Amino acid sequence: MPTLDDIIHRVNSYYPSANTDLIKKGYEFAEKQHEKQVRKSGEPYLQHPVEVAIILTELKMDVSTIVTALLHDTVEDTGVALEVIKKEFGEDVANLVDGVTKIGKIRFRTTQEKQAENFRKMLLAMAKDLRVIIIKLADRMHNMRTLQYLPSNKQVRIAQETLDIYAPLANRLGIAWIRSELEDLSLRYVKPEIYEKLVEKVAKRRAERETYINKVSQILRQEVSKHGLKAEVSGRPKNFYSIYKKMESRNLEYEQIYDIVAYRIVVGSIAECYEVLGLIHSIWKPIPGRFKDYIAMPKANGYQSLHTTVIGPDAERIEIQIRTKEMHDIAERGVAAHWIYKEGHMAPSELNKFRWLRSLVEFHKELRDSTEFLDVVKVDLSAGDVYVFTPRGDVVELPPGATPLDFAYNVHTDVGNRCVGAKVNGRIVPLKYNLKSGDTIEILTSQTQQPKKDWLNIVQTSRAKSKIRQYIKQIERVRSIELGIELLEKEFRKKGTTFQKLQKQGELEKVAKEMNYQDIDGLVMAVGYGFIPPKQVIRKLFPPLPEKSGQPLDKSAESVRGETRVFTSKAIKIKGVGDVLVRFAKCCVPVPGDPISGFITRGRGVSVHRADCSRLLSHDEERRVEIEWEAEGVKTERNVKVRVLSIDIPGILVKMSEVFGSHGINIVKAQIRTTKDKKAINIFEVSVTNLPQLQELIKEMEGVEGVISVERL
Ligand code: MN
């Protein structure tokens, strides 16, 4: 078992001025806290935190990280208060211990790839400080190295979780050796047969392979030094997991995998990397399509190198990676490589995630433009998205500011619609509560709940918004149908029949079709919304008996369809002329009370226009006749179009139709169109008897809340 001295010795090797007293204090604290605990392996528990610290010294981590490694299980396992840690070891260590403890409590339970990705993001978002993740990786590493002491069902579960979450995280952070060791350790438990076979096969040809590796390395060294360059050349088999993945993805046998060994050449500068590449390509033929320039285009995790595959000695394919020392350091230690680089001149308290992010930005500016990498880091570390759990343990990704309602609609529309409350981590919260990463949400529902309009102000996701809108629209539709049936039923009763009877007889269906509605619902809805008066439906169903001639003001059902109606002169008095056929012009639609003028048409009587109608004024003056409205007592109804501009809010139509109703004005037709800026243009064709009535109507309509303007067309 490594000792305190081992840790201090290692830290001093890369950080001579390190505060080793704090490390010593951490060690002694952990020793005391874990005193009576024993690991499954039978060894003292203290060995675990010490080994984790040792792993972190390999990444050359700072003192706070090393101390945290020693203390990382004390809060969770031995019940030490975080306050004590803070008092004894300072805020930086306390924050790190807190982060590791919190992340340690999260259980990952599903194996879907999408879920795994969300979970990885969640860990990054929750960690706040990347050192927490790095400690967690080291913790997992040691647990994987000692997994043989656990029962086999636990072995498989933990190994699978490592493969799904921690190995990809190590890869994301660019820490290659941790990734590959975690992968191989996991493979051993997740696919034991394959692992055994690979170990056996790799071992079998070991001597042969080592001879070949030496031969290739020798040639490479000679070539390089011949050209006056200094380089470290090495070759070693790739990890088992990557060989397994290659076999699986290309459906190959082990024997068919050629590039099992990766050769690595480490040189002094970027220019030398390309120079060495040229040398290699001049002695061995490169395989087309296998050259990759990760120096010019670094991988998302910051990895840089030149990769090429060539036909080497004995016609074997060999893969070669060429990089500088710095690139090699980054390839092995990833983000940790940069971290220590900055430590020398940064106070520990400055090492919060934003500093960290900014220094990453600077660092990569120095190297090369690699926006892709920065994007990845930014996405992962920004205070943005929240990751929360369902009660089953699935992770759900939501936008910042998301509420339990967003979560509910994310689960299912019905859950959203029936949501009455939510429990977050077991406690009831208001619906507008802002979810935080790591929260576990349970939605409370009720069969009688319905979406409310003000929910639209609470939710963040467009899915929730559109579902709420959809539901409200549906409710209004249902309400208008109910109201329509109620209004019609009243009229039907007067005629001694019922809605149901008429529906059965097929009469309603017939009338709906006649009035250009798709079905009965369409007709009933139009009545409910107030677009057509119930009486109009009655007239269709029970056409009035033909009346005596000389009753000019009778209007057949057709007359309300907007056609020009024909009157005799009873409604209109034309000077010096007796009974004559008059028509009301469609262009200006005069209403009793409007100043009017007549125009003699060829064979179609006199057409009546408003006196200022431009159409009339453009016509032959000689054919104009003076006319006026007949005296009171003669009633006539005219269809006039009124344009109402309003904001598009639910329920406003009902208010408008109430105004028409209160003036005894029937709506003949309505045309409603909404605009992009949430306004509604409503064109009503209404039947009015005289001008004052129309003027009053307009005045009152203008007073309706939400109405912007009203104009007669
Ligand atoms: Mn641990």
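What follows draws every value from the coordinates through simple rules; no lab data is involved. Because the structure is a prediction, the values reported are computed rather than measured. Neighbour counts run over all protein chains shown; Cβ positions are idealised from the backbone, glycine included.
Place a label point 7 angstrom from the Cα of Asn434 along the Cα-to-Cβ direction, then list the residues of segment 404-424 whose backbone nitrogen is under 18 Å away. It comes to 404-407, 424, nothing else. Looking at the square roots a ≥ b ≥ c of the eigenvalues of the Cα gyration tensor of segment 397-457, which shape do they give, rounded for a/c under 1.5, prolate if a/b is larger than b/c, or oblate? Prolate is the answer for segment 397-457, as a/c is 1.5 or above and a/b outweighs b/c. With the simple model of a label 7 Å out from the Cα in the direction of the Cβ, Glu88 to Gln160 spans 3.8 nm.
Ordering Thr65, Thr403, Thr674, Thr309 by the number of other Cβ atoms within 10 Å of each residue's own Cβ, fewest first, gives Thr674, Thr309, Thr403, Thr65. Here Arg236, Arg131 are placed in order of increasing Cβ neighbour count within 10 Å, fewest first, which gives Arg236, Arg131. What the Cβ-Cβ distance of Glu696 and His412 gives, at R0 = 45 Å and to the nearest 0.05, is a FRET efficiency of 0.35.
Of the cross-linked pairs Lys40/Lys102; Lys60/Lys215; Lys36/Lys87; Lys87/Lys432, which ones have a Cα-Cα span greater than 32 Å in the structure shown? Among Lys40/Lys102; Lys60/Lys215; Lys36/Lys87; Lys87/Lys432, the Cα-Cα distance tops 32 Å for Lys60/Lys215; Lys87/Lys432. With the cut-off at 1.5 for a/c, could you classify segment 22-154 from its C-alpha gyration tensor as rounded, prolate or oblate? Verdict is oblate for segment 22-154. Of the residues Pro168, Ala203, Leu182, the one whose Cα sits farthest toward the positive end of the charge dipole of segment 158-206, with +1 on the Cβ of Lys and Arg and -1 on the Cβ of Asp and Glu, is Ala203. Annotation note: GluC sites (Glu not before Pro) in segment 220-312 located in DSSP loop regions with a Cβ neighbour count of at most 11 within 10 Å are Glu253.
When the listed pairs Lys204/Lys299; Lys436/Lys679; Lys473/Lys676 are checked against a 28 Å cut-off, the alpha-carbon distance exceeds it for Lys204/Lys299; Lys436/Lys679.
Give the whole-number value, in cubic angstrom per residue, of the convex hull volume spanned by the C-alpha atoms of segment 159-305. For segment 159-305, the hull spanned by Cα atoms encloses 128 Å³ per residue. Residues Thr461, Thr146, ranked from the fewest to the most other C-beta atoms within 10 Å, line up as Thr146, Thr461. In terms of distances greater than 22 angstrom between alpha carbons, the cross-link table entries Lys513/Lys540; Lys201/Lys238; Lys495/Lys669; Lys86/Lys154 yield Lys495/Lys669; Lys86/Lys154. Considering segment 222-261, its Cα convex hull presents a mean projected area of 3.8 nm². Here Glu200 and Ile311 are evaluated by their C-beta separation; at R0 = 22 Å the FRET efficiency comes out at 0.20.
Taken as Cα centroids, segment 40-110 and segment 281-303 sit 40 Å apart, rounded to the nearest whole angstrom. With a Förster radius of 30 Å applied to the C-beta separation of Gln256 and Ser13, the computed FRET efficiency comes to 0.10.
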